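Chemist: Dropping the structure in here first, questions after.
Here, each number is a calculation from the coordinates, and none is a lab measurement. Note that the coordinates shown come from a computational prediction; the quantities given were computed from them, not determined experimentally. So basically every Cβ, Gly included, is an ideal-geometry build from the backbone, and we count neighbours across all protein chains shown.
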Amino acid sequence: PDDLKSKLSKQEQVVLEHLLDDKTNKDIAEALFLSVSTVKTHINNIYKKLEVQSRDDAKSLFAK
């Protein structure tokens, strides 16, 4: 999983951590002082870089 995370920018890694904690886009936006659309952009970039289609796919990559 650390190899995968190294593909992501620092901000994307932070967003990913929230995503793995089952936070909604709105929750992530509020926690990081970002707009929801910015969070969605980060999440789309994360999906592309990790080659996944959904939150569940992303979570399965990092399942402990």
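Chemist: Contour minus end-to-end for Lys59 and Lys7, with contour as 0.36 nm per residue of separation and end-to-end as the Cα-Cα distance?
Modeler: Working: separation 52, 0.36 × 52 = 18.72 nm, distance 1.60 nm.
Gain in length upon complete extension: 17.1 nm.
Chemist: Report the charge-dipole magnitude of the chain in Debye, nearest 20, computed about the Cα centre from +1 at each Lys and Arg Cβ and -1 at each Asp and Glu Cβ.
Modeler: In total the dipole reaches around 160 debye.
Chemist: Give the average over all directions of the projected area of the C-alpha convex hull of the chain, one decimal, in nm².
Modeler: Directional mean of the projected Cα hull area for the chain stands at 3.8 nm².
Chemist: Using DSSP to call loops (not H, G, I, E or B), can you name the chymotrypsin sites (Phe, Trp or Tyr not before Pro) in the chain whose Cβ has at most 15 other Cβ atoms within 10 angstrom?
Modeler: Phe33, Phe62
Chemist: Also, quick follow-up: How about the chain: which GluC sites (Glu not before Pro) there lie in a loop by DSSP and see at most 13 other Cβ atoms within 10 Å?
Modeler: Answer in residue order: Glu51.
Chemist: While we're on this one: Students often forget the sequence filter, so: which aspartates and glutamates lie under 17 Å Cα-Cα from Lys23 once same-chain residues fewer than 8 apart are removed?
Modeler: By straight Cα distance, Lys23 reaches Glu12, Asp56, Asp57.
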